[in-house]
Amino acid sequence: MAVYQKELEFETRGKGTYEISHEVEALVRESGLLVGTVTVFVKHTSASLVLMENADPSARRDLEMYFDHLVPEDTDYFIHTYEGPDDMPSHIRMALTRSSEVIPIQEGQMMLGTWQGIFLFEHRRASHRRRVVVTIIGE
């Protein structure tokens, strides 16, 4: 069993979903591993990862609007607002989604479904540099 690990960095432009499938797929190819799993982990508490439709951007926009509705900013009972009105909502949105995703690898390729993509889900309004650790285990 072999392990291959790298850290990627992504610049976001504020709230939204950013597809990172191609960058992760490139690391799977670079690893040379043919069968196993790839784990993608975001190292932040105000951004998350989602597997989501990658063909029609309106599906992702609907997801983003749903989270805006589900966890609105400027909620008067939030205490943790040191970094602004989107501070606590970003942490709650992260907690409701995922910090990591595990995708099987077969014949050196991620086994994502036809319309699936891996997305970094930025929950803050401002631009951020986000670090993502990719760990590939297999043979």
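Here the condition is being in contact (Cβ under 8 Å) with a residue 24 or more places away in the chain, under 20 Å from H44 (Cα atoms) and more than 13 Å from the chain's Cα centre (by Cα); of R124, R131, it holds for R124 alone. A single member of Y4, Y77, Y82 is part of a strand (DSSP E or B) and either under 13 Å from the mean Cα position of the chain (by Cα) or of a type in the set (S, T, Y) (or both), and it is Y4.
Restricting attention to segment 57-73, does a residue exist that is modelled with pLDDT of 95 or more, assigned to a loop (DSSP other than H, G, I, E, B) and under 27 Å from E139 (Cα atoms)? No - not one qualifying residue is present in segment 57-73. Filtering segment 92-118 to residues that are surrounded by 18 or more Cβ atoms within 10 Å (Cβ to Cβ) and closer than 15 Å to A26 by Cα leaves I103, I105, M110, G117, I118.
Among the conditions (1) surrounded by 15 or more Cβ atoms within 10 Å (Cβ to Cβ); (2) at pLDDT below 95, the only one that S46 does not satisfy is (2). Across segment 7-40, the number of residues qualifying as part of a helix (DSSP H, G or I) and loosely packed, with under 14 Cβ neighbours inside 10 Å comes to 4.
Residue-wise test of (1) polar (S, T, N, Q); (2) touching a helix residue (DSSP H, G or I) at 6+ places or on another chain (Cβ under 7 Å).
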site	(1), (2)
E9	no, no
V24	no, no
G36	no, no
T39	yes, no
S48	yes, yes
P57	no, no
V71	no, yes
M88	no, no
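Does Y18 count as aromatic (F, W, Y) and in contact (Cβ under 8 Å) with a residue 12 or more places away in the chain? Spelling it out, Y18 is indeed aromatic (F, W, Y) and in contact (Cβ under 8 Å) with a residue 12 or more places away in the chain.
For beta carbons closer than 9 Å, sequence separation of 6+ or different chains, a first residue in segment 67-89 that is under 20 Å from T17 (Cβ atoms) and a second that is of a type in the set (G, A, S) and at pLDDT below 95, the qualifying pairs are E73/G84.
The values are calculated or read from the model by the stated rules, or taken from the named source; none is laboratory data. Remember, predicted model here, so these are calculated numbers, not experimental data. Cβ: placed from backbone, ideal geometry, glycine included. Neighbour counts: every protein chain shown.
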